[in-house]
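Scroll down for the structure; my scribbles are underneath it.
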Amino acid sequence: MPEGAALERAWDALERGEPRAALGILGARVPAAMAVERDFVAAEAWRAMGYFSKAEALYRRVLSRREAGQDLLSDSAMAMAAIHRSLGRVGRARKFLNDARRFSRKFQTRDGLRRLELEDALIDRARGLYPKCLARLKKLFAAFAAERDFASAAFVLWAMGGARRFSGDLRGAIGDFKKSLALARKSSDKTAAAYAFLGLGGAARVAGRLGDSAIFYARAARLLSGTQDVFGQAYAECGLANALRQKGDYAAAGKRYQKAHRLYSSLGDAVDLAYVDWGLGQVAFHSGDVEAARRRFAAALAAFEKAGEARGVVISRMALASALHAGGRTKPAESLFRQALLSSRRAKIHAHLEALT
């Protein structure tokens with residue numbers, strides 16, 4: 001086998017949506033001169049499955065190597081920006097995005113500039129700057145649509161739907177997710193279609209359309225079961241559990257939450273794991289086990305506060321206040337409720353109004 005053949009095969013596996021196969025191939029010997037590229041491909045494979053900590057360590061190794069080319073440095077910095085943005089670390093995300101711009105300055109292309117602009121808009125979305133984010137995303141969508149780049153246009157519409165949902169425009173969010181789904185199907189991208197269904201599931205649930213929400217999440221779960229996207233699978237299980245819980249099917253919801261808990265635990269995803277703990281707390285609370293609910297809500301709140309996850313802090317404070325009040329501890333419950341309301345207003349989110357969250 002010629003030198004570098006294993007690396008080429010790993011790239012091919014990654015492009016086919018088989019990151020586990022890519023990692024297996026990379027277990028073969030790779031020439032020392034290609035070690036940096038090997039680390040990058042492995043990082044991309046771990047990130048594709050949702051293992052952000054493992055991916056981050058490898059991207060950092062690429063960024064530390066002097067012999068790495070400007071393209072790998074830029075792509076690694078961009079990936080780091082996306083990871084930190086996904087985890088709510090917007091300051092770090094912005095820092096790595098600026099690094100990506102600096103590394104790519106000498107070979108900027110139209111596609112490269114658009115990738116930078118898209119990540120910048122997504123960081124604005126993570127910061128809660130929804131009007132600014134939507135204005136930027138609309139321009140990007142128009143450009144991709146004009147070029148009939150359906151896959152990129154579908155992703156931008158998915159991002160727009162999320163911004164509309166969290167800014168309170170549920171009807172607009174559902175419209176964007178439906179358009180994203182149509183374009184994902186047109187581009188034959190099953191993963192993009194699954195994420196459109198995830199978006200529809202969340203917006204429909206908050207809008208009170210619980211039956212539709214459960215159907216959307218179940219469709220997403222079926223599509224993602226055929227992929228190696230562990231993060232997406234966990235997201236779908238948690239979303240379906242939320243819909244089932246809202247419908248009052250606590251036994252089924254509990255099983256789905258437990259599956260999501262195992263998947264998020266394998267990823268080391270503390271924030272999403274906290275949302276699962278919150279959901280399990282809700283199941284316990286509505287099943288009459290107030291003390292078990294209190295423990296789950298307290299654990300979720302601690303994790304959300306550590307991560308600086310504003311929405312999670314609000315909903316867990318609200319839930320913990322209810323559990324404390326049910327246990328006869330009204331004074332601390334009132335204090336938590338006031339804190340939750342203030343936090344929600346400061347963050348300019350509507351979590352305190354989302355009874356169907």
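Shape class of region 106-175 from the Cα gyration tensor (axes a ≥ b ≥ c, square roots of the eigenvalues): oblate, since a/c reaches 1.5 or more and a/b does not exceed b/c. Seen from ALA326, the other residues with C-beta closer than 13 Å to its C-beta sum to a net charge of 0, counting Lys and Arg as +1 and Asp and Glu as -1.
Cα convex hull, region 13-67: 69 Å³ per residue, rounded to a whole number. Under the convention that each Lys and Arg Cβ holds +1 and each Asp and Glu Cβ holds -1, the size of the dipole of region 181-310 around its Cα centre is about 420 debye. Each peptide in 245-256, 140-151, 174-185 gets a packing score, the mean of other Cβ atoms within 10 Å over its residues, and the list from highest to lowest is 174-185, 245-256, 140-151. For region 280-357, dividing the convex hull volume of the Cα atoms by the residue count gives 77 Å³ per residue.
Take the Cα of THR330, step 7 Å toward its Cβ, do the same at ALA35, and the gap between the two points is 6.8 nm. For the chain, the 222 nm mean residue ellipticity estimated from helices alone, with every DSSP H stretch of n ≥ 4 adding -39500 (n - 2.57) and the total spread over all residues, rounds to -26000 deg cm²/dmol. Compared with the dominant principal axis of the Cα atoms in the chain, helix 90-104 is inclined by about 10°. With a cut-off of 15 Å on the backbone N, the residues of region 227-251 near the modelled label site 7 Å out from ASP289 along Cα-Cβ are 250-251.
Bridgeable lysines around LYS255 (alpha carbons under 25 Å apart, same-chain partners fewer than 8 residues away excluded): LYS247. Of GLU37, GLU67, the sequence from fewest to most neighbouring Cβ atoms within 10 angstrom is GLU67, GLU37. Summary of the geometry: region 86-126 and region 220-264, compared by the centres of their Cα atoms, lie 31 Å apart. Applying the Karplus relation 6.51 cos²θ - 1.76 cosθ + 1.60 with θ = phi - 60° to region 273-284 yields 3J(HN,Hα) values of 5, 5, 5, 5, 4, 4, x, 5, x, 5, 4, 5 Hz, where x marks Gly and Pro. Along region 60-76 the Karplus relation, 6.51 cos²θ - 1.76 cosθ + 1.60 evaluated at θ = phi - 60°, assigns HN-Hα couplings of 4, 5, 4, 5, 8, 8, 5, 7, 5, x, 4, 5, 5, 5, 5, 5, 5 Hz to successive residues, with x for each Gly and Pro.
Toward the positive end of the charge dipole of region 280-357, with +1 on the Cβ of Lys and Arg and -1 on the Cβ of Asp and Glu, the farthest Cα among GLY312, PHE285, ALA323 is that of GLY312. Shape of the chain from the C-alpha gyration tensor: prolate (a/c of 1.5 or more and a/b above b/c, with a ≥ b ≥ c the square roots of its eigenvalues).
Net charge near ALA260, counting Lys/Arg +1 and Asp/Glu -1 over other residues with Cβ under 9 Å of its Cβ? Result for the neighbourhood of ALA260: +1.
I want the local charge near ALA299. Using Cβ-Cβ distances under 14 Å, sum +1 for each Lys or Arg and -1 for each Asp or Glu among the other residues. Once positives and negatives cancel, what remains is 0. With everything on Cα atoms, drop me the angle between helix 210-225 and the longest principal axis of the chain, reported from 0 to 90° to the nearest 10. That helix lies at roughly 30 degrees to the long axis. Database remark: amide H of ARG209 closer than 5 angstrom to no amide H (H placed geometrically; neighbours at sequence offset of 5 or more, or on other chains; Pro and chain starts carry no H). Across region 232-245, rounded Karplus estimates of 3J(HN,Hα) from the backbone phi angles (6.51 cos²θ - 1.76 cosθ + 1.60, θ = phi - 60°) give x, 4, 5, 4, 5, 5, 5, x, 5, 4, 4, 5, 5, 4 Hz, Gly and Pro being marked x.
In a simple Cβ point-charge model (Lys, Arg +1; Asp, Glu -1; nothing else charged), region 280-357 has a dipole of about 260 debye relative to its Cα centre.
Readers should treat all values here as calculations from the given coordinates under stated rules, not as data from a laboratory. The structure displayed is predicted, hence computed values, not measured ones. So basically every Cβ, Gly included, is an ideal-geometry build from the backbone, and we count neighbours across all protein chains shown.
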